[in-house]
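A short reminder: the numbers here are calculations on the coordinates, not readings from a lab. For clarity, every value in this text was computed on a predicted model and none was experimentally measured. So basically every Cβ, Gly included, is an ideal-geometry build from the backbone, and we count neighbours across all protein chains shown.
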Amino acid sequence: MTTRKVFFAAALAVIAHAASAQGDPKRGEKVFEECRACHAIEKGSNGVGPSLHGVIGRRAAELDDFRYSPAFKRANITWTRQNLDAFLADPQKLVPANRMPYAGMPEAKDRADVIEYMQRILK
Amino acid sequence: MATRLKEVDAVIVGLGWTGGILAKELSAAGLKVVALERGKMFSTAEDFQVPQVRDELRYVQRHELMQNAARDTLTIRNNPNQEALPMRRLGSFLPGEGAGGSGMHWSGHTWRWTDMEFKVRSRYEERYGKSFIPADMTIQDWGITYAELEPYYDKFERVAAVSGKAGNIDGQIQPGGNPFEAPRAREYPLPPLTPILANEVFSAAAKNAGYHPFPRPSANASRAYTNPDGVRFGACQYCGFCQRFGCEANAKGSPHMTVIPIAMRNPNFELRTHAWVSKILKDASGKRVTGVTYTNVLNGEEFEQPASIVLLTAYALNNVHLMLLSGLGQPYDPVSQKGVIGKNYCYQTGAGATLFFEGRNFNPFMSAGGSSASADDFNTNWDFDRGKHGWIGGYNLSSGFNTALPIGYRPVPRGTPAWGKEWKAATAKWYQTAMNVGVSGSVMANRYNYFDLDPTYRNAFGQPLMRMTFDYKENEHKMGRHAAQVINDLAKSMNPTRLNEATARTEPWTVVPYQSTHNTGGTIMGTSPRSSALNKYLQSWDYHNLFVVGANVFAHNASYNPTGPVGALAYWTADAVKRYTKNPAPLVSA
Amino acid sequence: MKNVPFNRRAFLKSAVASSAAAVSVGLPQSAQAQQKAAAPPTPSAGYAFLNPDEAAFIEAVVDHMVPADELSPKGSDMGINTFIDRALAGGWGKGDRLYMQGPWKQGVPSQGYQLPLTPAELYRAGIASANAYCVKTYSKPFDKMPETQRQEFLVAWSTGKVNFENGPPARVFFTMLYQNVIEGMFSDPLYGGNQNKAGWKMIGFPGVIAVNQQNIEKYRDKKFPANPLGIADMS
């Protein structure tokens, strides 16, 4: 647990414009409720959206067992914290014409917290 | 020859909200339950995916999620002197097909009907005298009370993720809610939806006029939510594609993502799709039903499914049709007024004005299914004196948008040509700058509005179609004139640039265009087997192991959408069936 | 049941042949084009159902109802004719979800559609009847009539003042045709009409992307900057 934390802290430092401060994963778990109608956290469990198990660091549209939209297949991005932050802020802006039925998370703190939660738990 | 299958504890005919609720509750109680559904199973991920689900032509104009009239429809006429002809294409109402039923393509409006409906005859007689009710108006008490149903309303609201604002908690009037609602034990599970501009403009004017506007309660989750069964809802995205569509965000309370998948996880439950039930079977004693006959429409194979209990939970119209086809109970005769099956068919009525405001932006394409503000001053407000107006019932006054998509919704001021440059200019100018104020009104039961079997036309299985005889009567016309006046006075107080005034309906009911999928009655609940088909637990008076659930049990139709009491009565019936299994006998003595 | 009582098109042609005024009802489109000035031909998506006479009728109707101006291109440039053709060639045109069992009666208006015809059959009989009416009244089929006569005929037709002798009920056909024009103008471009989302752009309808949870507040009483996308744009 501790080594992981250290590792991520180091990884964070090298990502230039990552979400400003490290978020609060406990609060992030609550924020993540907004996502759970469509996204499971268990590996291999896809709903309307793909499982988010281990999403951070994954290439977009990488899972074999989920039918991604053409927009994600073309997106050619990796889910770094920075990309995830931009995506959550305005999903249609980072990946235009994607089919996720979600308007976005306007509060930076919500995004930081939920990304921290995803980083820690969904590995 | 039909293949006879192994007997089960309960067979469910039709798997929408009512069948789904009963499937989940009874399989959890340990009963072996089989559900037979005409259509297919639906899933949000496969069937309601963006962008395919955003298709007005496919879902609204071509009726993708609806019953296929080529296989089964009704014949219709306005009065017993006409020859009924088949409704060859669905129009005025749109029953759904498939597991989830109309509960997938509804808008989510979820109301609590009160004792004003359940005790309709006794309350009007008490206040206005017996002679106030016209001789042909066959309204009667339902045999149930609001107090009995309150916990079941609460349960359904929580399961379906209803967003709203309470107006009356335990007798305390709550600011912002509907002051005319009956007392509820607690708040709605979710706060009201974000009001759209049309709601605000309407509410301000309604308050000025002395009315009591409030946000319409609707099963569109105003934020992410987990229901008591652990089902997760996403937040409504106000996509504007609600009515006629499945929800891609799992934000609209629907059976296919709540009660049905929970039942399907229970090994006591089995769903057979593409199973068309053509008859309910009865034994020689004439006191019990024994199961159903159905056809697998994927290959034509015929089966008999024996069951200790039969739960008839298809769309309201199809429930009545199956009772008539199976010869269960005595068919209603409007001349002798004897018999009960087919009695008291009711519908709804309405009127509306369109208000055009130059320079405003209503963004009609941004709305939830329930983006309406309503006022019940002429509906559940019992203090409103009907005596001097001479009509019975009520109407809910409202304004908002729901699925204002451009094939169907293109408001232009009256007198605008129907094509050409002038039409284009008006269409472009007013699409986003118009709003409406309208009413949905009750229809009281009438001796001559009823169902029976058609003597001529047949469905794909060679069985007689059901015949609907219906028209609006003087009571509805009087109420319509009152409503049009109220709408127009209110609309004028808002000073629109142009106004298409509301007009009271005078023409007979027609099968086109779309009006409302709120068909009620036909196998009504009540206090006596002489005047009703079912007792207060929706148990057949004649066959004590047959329960019939849906809006077909309503003894008349109110202004409100029917799904609130339909869902509550399904939970109420589930409890009754659980008691029945311990002592299989009539739950009310006749 | 599937056949119109007699061959209306053959009848129309013979009627036209005996009429000195009308000359080109059955003329190939290329020949018609030669008679016109040097207007560049509009690229056509081709027809799956409509015959040449029928196509000319439908093109003329959609261009009259939806003329080009600053708000949109003309109907055939939006593909409304193609939409109608594809609808008639497909399941809807062939009577999908339509109860088609007899006996057939006229009924009363409140009983809705009661014809023994699928939409495609109604169009086939209805266009022939409409052109026959136009030839009798104006000495020309609809697509050869000048704008003022087209307008006069359409107004009369839409208000119930036109009867098709021995043909299908004129008003029932008009109602279906008008509804299909509207559908072709505002349905998803996937179906052949509303090309370049011109119908949606005309009114500011944003199409398939509709994540408006925050837009309700953000665009309250403000113009929403719609850049409409259709199903194909997300596929």
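In debye, nearest 20, what is the charge dipole magnitude of chain B about its Cα centre with +1 on Lys and Arg Cβ and -1 on Asp and Glu Cβ, if you could check?
Numbers: 60 positive and 50 negative charges, 78 e Å.
For this selection, approximately 380 debye.
Give me, ordered by chain and number, the residues 5 or more places off B:Ala224 or on other chains with an amide H under 5 Å from its own placed amide H.
Placed amide hydrogens put B:Ala235 under 5 Å from B:Ala224.
Report, ordered by chain and residue number, the lysines lying within cross-link reach of C:Lys201, taken as a straight Cα distance under 18 Å and ignoring same-chain residues fewer than 8 apart.
The qualifying lysines are B:Lys421, B:Lys424, B:Lys429, C:Lys74, C:Lys222, C:Lys223.
Applying the Karplus parametrisation 6.51 cos²θ - 1.76 cosθ + 1.60 with θ = phi - 60° to the phi angles of region B:166-175, what ³J(HN,Hα) value in whole Hz is obtained for each residue in order, glycine and proline being reported as x?
Once θ is set to phi - 60°, the couplings for region B:166-175 become 5, x, 7, 9, 6, x, 8, 5, 9, x Hz.
Count, for each residue of C:150-160, the Cβ atoms from other chains sitting within 10 Å of its Cβ, then give me the mean as a whole number.
Per residue, the number of nearby Cβ atoms from other chains is 1 on average.
To make sure I understand, if each residue's beta carbon is the centre and we count other beta carbons within 10 Å, what order do B:His109, B:His274, B:His482 fall in, fewest to most? Don't skip to the answer; put the middle values down first.
Working: B:His109 25, B:His274 17, B:His482 20.
In order of increasing Cβ crowding within 10 Å: B:His274, B:His482, B:His109.
Roughly how many whole Å is it from the C-alpha centroid of region C:61-90 to that of region B:96-110?
The two parts, judged by their Cα centres, are 34 Å apart.
Check which residues have an amide H placed less than 5 Å from C:Ile231's amide H, if you skip close sequence neighbours.
C:Leu190
Taking H placed 1.01 Å from N in the peptide plane, check which residues at least 5 places from B:Tyr457 or on another chain put their amide H under 5 Å from its amide H.
When sequence neighbours closer than 5 places are left aside, the close amide H contacts are B:Leu465.
Please compute the net charge surrounding B:Asp542, taking Lys and Arg as +1 and Asp and Glu as -1 over other residues with Cβ under 11 Å from its Cβ. Could the numbers behind the result be given before it?
Working: positive: B:Lys282, B:Lys287, B:Arg288; negative: none.
Summing Lys/Arg as +1 and Asp/Glu as -1 gives +3.
Please work out the Cα center distance from region B:241-296 to region B:353-385, rounded to the nearest Å.
35
Dipole of chain B (Lys/Arg Cβ +1, Asp/Glu Cβ -1, origin at the Cα centre): which of B:Pro215, B:Ser493, B:Phe547 lies farthest to the positive side?
B:Ser493
Per-residue mean of other chain beta-carbon atoms within 10 angstrom of the beta-carbon, peptide C:112-124? Could the numbers behind the result be given before it?
Details: counts 13, 8, 5, 1, 1, 0, 0, 1, 0, 0, 0, 0, 0.
The mean count of partner-chain Cβ atoms within 10 Å per residue comes to 2.
Can you sort B:Phe93, B:Phe156 by how many other beta carbons sit within 10 Å, fewest first?
Numbers: B:Phe93 23, B:Phe156 27.
Lowest count first: B:Phe93, B:Phe156.
Quick one: if the Förster radius is 35 Å, what FRET efficiency do C:Thr148 and B:Lys492 give, using the C-beta to C-beta distance and rounding to 0.05?
0.35
How high is the relative contact order of chain B, in percent, counting Cα pairs under 8 Å that sit 6 or more residues apart? Before the final figure, lay out the partial values.
Details: 1504 pairs, mean separation 132.9, N = 590.
Answer for chain B is 23 percent.
Roughly what would the spin-label model give for A:Glu62 and B:Gln330, points 7 Å off Cα along C-beta, in nm?
Using points 7 Å along Cα→Cβ, the separation is 7.4 nm.
Can you give the FRET efficiency to the nearest 0.05 for A:Asp24 and B:Glu126, using r as the Cβ-Cβ distance and R₀ = 41 Å? The partial results should precede the final answer.
Details: r = 61 Å, r/R0 = 1.48.
The value I calculate is 0.10.
Which is the longest run of chain B containing none of the trypsin sites (Lys or Arg not before Pro) found in DSSP loop states (not H, G, I, E, B) with at most 10 other C-beta atoms within 10 Å? Please report the intermediate quantities before stating the final value.
Values: sites that count: B:Lys6, B:Arg265, B:Lys388, B:Arg414.
The answer is B:7-264.
With θ set to phi - 60°, apply the Karplus curve 6.51 cos²θ - 1.76 cosθ + 1.60 along region C:214-222 and write out the HN-Hα couplings as whole Hz, x wherever there is a Gly or Pro.
Each residue of region C:214-222 in turn: 8, 5, 4, 6, 4, 10, 4, 6, 10 Hz.
Give the distance, in whole Å, between the Cα centre of region B:468-490 and the Cα centre of region C:194-213.
Between the Cα centre of region B:468-490 and that of region C:194-213, the gap is 36 Å.
Fewest to most neighbouring Cβ within 10 Å: what's the order for C:Met176, B:Met525? Show your work: numbers first, answer last.
Working: C:Met176 17, B:Met525 26.
Lowest to highest Cβ neighbour count: C:Met176, B:Met525.
For labels at B:His477 and A:Lys43 in the simple 7 Å Cα→Cβ model, what's the distance in nm?
Distance between the two pseudo-spin positions: 7.3 nm.
Only bridges whose two residues both fall in the protein assembly as shown count here: according to DSSP, what percent of them are antiparallel, nearest 5?
Working: 57 of 85 bridges.
Within the protein assembly as shown, antiparallel bridges account for around 65 percent of the total.
Counting only other chains, what is the mean number of Cβ atoms within 10 angstrom of the Cβ of each residue in peptide B:44-50? Could the numbers behind the result be given before it?
Values: counts 5, 7, 2, 0, 2, 5, 13.
The mean count of partner-chain Cβ atoms within 10 Å per residue comes to 5.
From the helices alone, meaning DSSP H stretches of at least four residues, give me the mean residue ellipticity at 222 nm for the protein assembly as shown, per-run term -39500 (n - 2.57), in deg cm²/dmol to the nearest 500. Intermediate values should be presented prior to the final figure.
Working: 27 runs with 279 residues, N = 948.
Value at 222 nm, helices only, nearest 500: -8500 deg cm²/dmol.
Cross-link candidates for B:Lys207: which lysines have Cα within less than 18 Å, leaving aside residues fewer than 8 places away along the same chain?
Output for B:Lys207: B:Lys165, B:Lys492.
Helix hunt in chain B: which complete DSSP H runs extend at least 27 Å axially by C-alpha with mean Kyte-Doolittle at least -0.5? All intermediate terms of the calculation are to be shown ahead of the outcome.
Numbers: long enough: B:474-493 (29 Å, -1.05); B:563-582 (29 Å, -0.22).
Helices meeting the criterion: B:563-582.
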